[in-house]
1. Take Lys133 and Glu18, extend 7 Å from each Cα along the Cα→Cβ direction, and tell me the distance between the two endpoints in nm.
2. Work out, step by step, the length gained on full extension between Thr186 and Ser141: first 0.36 nm times the residue separation, then minus their alpha carbon distance; give nm to one decimal.
3. Just grab the label-to-label distance for Asp57 and Ser114, each label 7 Å out from Cα along the Cβ direction, in nm (one decimal).
4. Note down the relative contact order for the range 2-235 as a percent, whole number, built from C-alpha pairs under 8 angstrom at least six residues apart.
5. Step through the residues of the range 8-17 one at a time and calculate ³J(HN,Hα) from phi using the Karplus curve (6.51 cos²θ - 1.76 cosθ + 1.60, θ = phi - 60°), rounding each to whole Hz and writing x for Gly and Pro.
6. For the range 171-185, just list the computed ³J(HN,Hα) in residue order, Karplus coefficients 6.51, -1.76 and 1.60, θ = phi - 60°, integers in Hz, with x standing in for Gly and Pro.
7. In whole Hz, with x marking every Gly and Pro, tabulate ³J(HN,Hα) for the range 120-133 from phi via Karplus 6.51 cos²θ - 1.76 cosθ + 1.60, θ = phi - 60°.
8. Under the rule a/c < 1.5 gives rounded, and otherwise a/b versus b/c splits prolate from oblate, where does the range 2-235 land using the Cα gyration tensor?
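Every number in this text was worked out from the coordinates using simple rules, so none of it is lab data. Everything quoted here is computed from the prediction, not taken from an experiment. We place every Cβ from the backbone using ideal geometry, glycine too, and count neighbours over all the protein chains shown.
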Amino acid sequence: MKQANMPFQGEFIKAGEEIFRRMNKNDTPQKAYMTMLNTADVIDEFPALLDFATSSDMLKIAGNYLQCIPVLTEISFYISEPVEDDASGSQLFHIDLEDTRVVRLIVPIEDITSEQGPFSFIPENATTSVIKKLKYGSLKSTYRVKDEDIYNVIGKEHLVVGTCQKGDLLFADTSRCFHYGSRGQTKPRKLCMLNYHSDIPENFYQTFGIGDRLKKYIKPTDSELRKMVLDYSYYIVK
């Protein structure tokens, strides 16, 4: 779903614009088509990142969907550049497997049109049909799935292309929907990705985000809710 006008959203986008200015000068791609900056080490400089991610409005959306207090596991900024190679990696259909439910939030720092290779996904009902037919997730299945295998089960009309404007917020559950991004680009794409997971500690050992590196930003004056959102070890029985 799309949402806008959340607390600290304007400050968050301004911080993202500054982060991208630095990325263009200093970073090298981790993939041919994507450069990622994990922001856990720059939060002191950009407090709006956590203020936005832990606002009560944001946590209400994530918590209502996850049916628990959400744990923030990623705030990362991505630049995707056009490449001439065939689609590979996250440019192919896949489902994220680190949890049974995930709230992924995409924040465009610039408008994302079809020319920027937008995040695209198959809704949950249609995804479920594909999972059953392909036995996705079994030992014999592959993690990345070719387009033709998806569209042999469902029609292409099920694909939702997540074009969005600067100021939009795009929420998705990437653990329940086949999805891909950064494909077919002719122009660069700039966005931030935030992930919220459930409060089951064992799920976090499989994540690729910032995990428990956020707990160092907890202040004694923070609410118990903010502490729980930023530190998944809060839930581990000592």
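1. Label at Lys133, label at Glu18, 4.9 nm between them.
2. 13.0 nm
3. With each label placed 7 Å out from Cα toward Cβ, I get 3.2 nm.
4. 32
5. 3J(HN,Hα) across the range 8-17, in whole Hz: 6, 5, x, 5, 4, 5, 4, 4, x, 4.
6. Calculated HN-Hα couplings, in order: 9, 8, 9, 7, 8, 10, 9, 4, 7, 7, x, 6, 10, x, 6 Hz.
7. Taking θ as phi minus 60°, the curve returns 9, 8, 9, x, 4, 4, 5, 4, 4, 4, 5, 4, 5, 5 Hz for the range 120-133.
8. Oblate, because a/c is 1.5 or more while a/b does not exceed b/c.
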